[in-house]
1. What are the principal axis extents of the Cα atoms in the chain, in Å, biggest first?
2. What helices does the chain hold that run 24 Å or longer along their axis, going by alpha-carbon atoms, with a Kyte-Doolittle average of 0.0 or more, using DSSP H for the helix calls?
3. Kindly provide the trypsin sites (Lys or Arg not before Pro) of the stretch 213-291 that DSSP labels as loop, not H, G, I, E or B, and whose Cβ sees at most 16 other Cβ atoms within 10 Å.
4. What number, in percent, do you get for the relative contact order of the stretch 11-386 if the mean sequence gap of Cα pairs under 8 Å and at least 6 apart is divided by its residue count?
5. Rounded to the nearest Å, what's the spacing between the alpha carbon centres of the stretch 307-376 and the stretch 260-287? Just the number, please.
6. Across bins of 10 angstrom width beginning at 0, how are the C-alpha pair distances of the stretch 34-119 distributed, in whole percent?
7. Can you give me the C-alpha center-to-center distance between the stretch 157-230 and the stretch 33-58, rounded to a whole angstrom?
8. How high is the FRET efficiency between PHE179 and LYS43 when r is their beta carbon distance and R₀ equals 30 Å, given to the nearest 0.05?
Amino acid sequence: MLWRPSHKTQGLLPSVYLATFFLSLHYSVSIYVDSSYLAQYFKSNGINTIYFIGSLATVFALGFIPHFLRKYGNYPLSIAFAILEIISLLSLTLLQSGLLIAFVFILHTIAVTILAYNLDIFIENGSKDETTGETRGIFLTTMNLAVFFGPIIAGFLLYDNQFWKIYIISAILILPALFIILRKLSTFSDPPYKDVSLKQMISFAWADKNIRFISLANFLLQFFYAWMIIYTPIYLSEYMHFAWGEIGIIFGIMLLPFIFLQFPLGEMADKRYGEKEMLIIGFLITAFSTASLSFLGTGSTIFIWAILLFVTRVGAAAIEVMTETYFFKKIEASDMGLISLFRHTKPLAFVFGTISASAFLFLIDIKYLFLALGIIMLSGIYFALRIEDTL
């Protein structure tokens, strides 16, 4: 018999959404300045190495999380990793040693990813299959509303490379999320997590073509994010010579599709179209708009960059909500191994993203990374075509 969430568990969703907002806001304040912060201490190869090691460490950490979930539960783990994240952020404001900064940055990378995993379990336990698109749409819209404000806050605060301000604010913003978890989610009821090894889950996911191809589509989306998060801020500040205040405005406009599109797209996936068609459209939009960024010259205005980056996120927003909706329609809350496997796609994408970007940069100018990424994104159409639509 399948585990079903209790009414009490379902009633926790508003609190989870609110915690999601603050967790996302804290993360988005720093995410687009992290690579520039690291550039104070490391050259480009060193930055790639830190992201590579951090992502690889996250892959291993996620492999152990199902064991700790069975032993301690999702609620205590959420608190533990929120505290670890606060300590990591505050440490980044104080440390001067490049080696220690790299170590703490890796801890920060692990903590953020596992907190997202914890939220997945809270959300999945409180949702029903017939409203998965709507639930995920609300979840993603809440998350991305916060992400919209993050770069604007960072652009306003960051001048003269005073990165410590960014990490102080980021640490402060996680405190409301920790308070909500402590006060509102203590009654959370863990499902009977399945005792299945990661190897068995990989075999199961690979045998089910729908889970296999939707996971590959999600991997490709995370690969897109990896390149864009690491290299777009560096390119705009060091090569296009935009000030951080201008970059904050560009990124704020860029992220608007995640706020306005994901909830209605999630509802449409539930009631009208299914996920397949919108995935294909999303990959097409993302591929062509990303490739076009390579052809913007140094004289391009903030407006042109903002509009083109906005279009890239129209496609990415569609891909994100469709992959999330489709995947969580296909699993149960107790399948934390599969959820873990699905969340492995992000750090794995950063592993492959940093390696491939380093290889490309030996061969091509940084501006042509966008063209290469656009071409790579076209492969997502194949993954979308291989899944069976839900409608």
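Any read-out appearing in this document is the output of simple, stated calculations on the displayed coordinates, not a laboratory observation. Please read these numbers as outputs of a predicted model, since none were measured by experiment. Note that each Cβ is placed from the backbone with ideal geometry, even for glycine, and that neighbours are counted across all protein chains shown.
1. In descending order, the Cα extents are 61, 45, 35 Å.
2. Helix filter hits for the chain: 13-31, 44-72, 74-94, 98-125, 132-157, 163-184, 209-234, 276-292, 302-329, 336-363.
3. For trypsin sites (Lys or Arg not before Pro) across the stretch 213-291 that sit outside H, G, I, E and B with at most 16 neighbouring Cβ atoms in 10 Å, the list reads ARG272.
4. Dividing the mean separation by the residue count of the stretch 11-386 yields 29 percent.
5. That distance is 16 Å.
6. Reading upward from the zero bin: 17, 47, 27, 9, 0.
7. Measuring centre to centre over Cα atoms gives 19 Å.
8. 0.15
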